[in-house]
1. Exactly one condition in (1) in contact (Cβ under 8 Å) with a residue 60 or more places away in the chain; (2) of a type outside the set (D, E); (3) surrounded by 14 or more Cβ atoms within 10 Å (Cβ to Cβ) is not met by I5; state its number.
2. Name the single residue that is farthest from S77 (Cα to Cα) among those in the stretch 117-141 being modelled with pLDDT under 95 and among the small types (G, A, S).
3. Within the stretch 9-22, track down each residue that is crowded, with 17+ Cβ neighbours inside 10 Å and either modelled with pLDDT under 95 or over 10 Å from the mean Cα position of the chain (by Cα) (or both).
4. Could you please let me know if I114 is over 14 Å from Q34 (Cα atoms), surrounded by 15 or more Cβ atoms within 10 Å (Cβ to Cβ), touching a strand residue (DSSP E or B) at 6+ places or on another chain (Cβ under 8 Å) and among the β-branched types (V, I, T)?
5. Can you name the number of the only condition in (1) exposed (fewer than 15 other Cβ atoms within 10 Å of the Cβ); (2) acidic (D, E); (3) within 22 Å of E112 (Cβ to Cβ); (4) touching a strand residue (DSSP E or B) at 6+ places or on another chain (Cβ under 6 Å) that E92 fails?
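The values are calculated or read from the model by the stated rules, or taken from the named source; none is laboratory data. Since the model is a prediction, treat every value here as computed from it, not as a measurement. Note that we place each Cβ from the backbone using ideal geometry, even for glycine, and neighbour counts take in every protein chain shown.
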Amino acid sequence: MPNKIHLTVATIVERDGQFLMVKETKFGRQVINQPAGHVEPGEDIQAAAIRETFEETGWIVELTGFLGFLTSFNETSGITYYRLAFAAEPVEFDADARLDPDIDFALWMSYEEIQQNLQQLRSPGVISCLDDYLAQRIFPMEIFRNTL
């Protein structure tokens with residue numbers, strides 16, 4: 001059963017009214033997602049969010065707030081996802097970064113462009129996190145206590 005539970009992180013990164021997104025192919029279908037991925041055993045959740053964003057986009061980011069904890073169940077795989085979403089600011093782009101092989105490419109999209117592609121979103125959590133961010137439902141990072 002533990003392999004059916006996945007702890008993941010995602011970041012909402014905004015720059016000039018556009019959001020950093022990735023296109024990836026899952027189960028033979030190209031989908032749109034925020035930079036996101038799995039927390040590794042023993043890894044700090046915040047460090048995982050920063051690492052996954054860099055690995056999927058080449059962007060170094062600074063976390064600025066916590067958007068929430070979402071759960072979802074994928075009927076195709078039978079996996080329950082626990083997703084912690086963060087707000088982040090872009091700090092620096094590394095043009096030489098090698099992106100995760102699961103990522104087709106990273107891109108900046110407006111909210112309107114994302115809305116026009118709802119059928120391509122990897123999960124309902126993608127738009128839910130964006131809506132929380134735009135509504136300024138953002139919690140301070142001080143809610144996290146790191147003992148790793």
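1. (3)
2. Selected residue: S128.
3. E14, F19 - these are the residues of the stretch 9-22 that are crowded, with 17+ Cβ neighbours inside 10 Å and either modelled with pLDDT under 95 or over 10 Å from the mean Cα position of the chain (by Cα) (or both).
4. The answer is no for I114.
5. (3)
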